[in-house]
1. So, in segment 58-101, exactly how many residues are part of a loop (DSSP other than H, G, I, E, B) and of a type outside the set (Gly, Ala, Ser)?
2. What is the one condition in (1) of a type outside the set (Ser, Thr, Tyr); (2) at positive phi; (3) at pLDDT 85 or above that Gly118 does not satisfy?
3. Could you list all residues from segment 10-31 that are touching a residue at least 12 places away in the same chain (Cβ under 8 Å), closer than 22 Å to Val51 by Cα and under 13 Å from the mean Cα position of the chain (by Cα)?
4. Restricting to segment 58-73, count the residues that are loosely packed, with under 15 Cβ neighbours inside 10 Å and touching a residue at least 12 places away in the same chain (Cβ under 8 Å).
5. Does Glu72 satisfy being of a type in the set (D, E, K, R) and farther than 26 Å from His12 by Cβ?
6. Among the numbered criteria (1) buried (at least 17 other Cβ atoms within 10 Å of the Cβ); (2) touching a Pro at 6+ places or on another chain (Cβ under 7 Å), which one does His12 miss?
7. Which condition from (1) loosely packed, with under 10 Cβ neighbours inside 10 Å; (2) part of a strand (DSSP E or B); (3) of a type outside the set (Ser, Thr, Tyr) is the one that Asp50 breaks?
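The values are calculated or read from the model by the stated rules, or taken from the named source; none is laboratory data. Remember, it's a predicted structure, so these values are computed and weren't measured experimentally. Quick reminder, even Gly has a Cβ in these numbers, built from the backbone with ideal geometry, and neighbours come from all protein chains shown.
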Amino acid sequence: MRPILNQMVNYHPAALDATFSALSDPTRRAILARLARGDVNVTELAEPFDVSLPAVTKHLNVLERAGLLVREKEGRVRRCQLVASPLRQASEWLERYRKFWEGQLDSLARYLEEAERGQIPEKEDVGRWQRPRRSARRSRKPRSR
């Protein structure tokens, strides 16, 4: 799959999907919050959750496949470490849409303020609140050189 170029952000849709899928579960979000404070072994990581160690291991597998953590074996102990780059990519993707929706909401707020002051546009003026329509394409004659 080819990466999509999104203005200044270069991301792979599958990686972004995996990140959001991993973040969709509250237990996995809590695991990431704990890892944000520093590396920890799997047993310590599982301690605050009311689920079995194999269940926590399944959550860790999802996070690892999404690229959000790495596990390293030190003797018989497995330590987990947060990998922040997929979160940064998700944040950049969300930021683009945040800017878009803020612009839309600002426009709506201006319209509602005008309506509240009794400056609701007349029916023939409604077009100023709509997107400009694209003009029909005209066929152009090729330029002679």
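1. Within segment 58-101, the first condition is being part of a loop (DSSP other than H, G, I, E, B), and the residues that meet it are 66-68, 75-76, 83-84.
Those left that are additionally of a type outside the set (Gly, Ala, Ser): 68, 76, 83.
Total satisfying the criteria: 3.
2. (3)
3. Once the filter is applied, which keeps residues that are touching a residue at least 12 places away in the same chain (Cβ under 8 Å), closer than 22 Å to Val51 by Cα and under 13 Å from the mean Cα position of the chain (by Cα), segment 10-31 yields Ser21, Ala22, Leu23.
4. 2
5. Working: of a type in the set (D, E, K, R): yes; farther than 26 Å from His12 by Cβ: no.
No.
6. Exception for His12: condition (1).
7. (2)
Residue-wise test of (1) among the β-branched types (Val, Ile, Thr); (2) modelled with pLDDT under 90; (3) in contact with a strand residue (DSSP E or B) (Cβ under 7 Å, 6 or more places away or on another chain).
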residue: Gly67; (1), (2), (3): no, no, no
residue: Arg96; (1), (2), (3): no, yes, yes
residue: Gly103; (1), (2), (3): no, yes, no
residue: Glu113; (1), (2), (3): no, yes, no
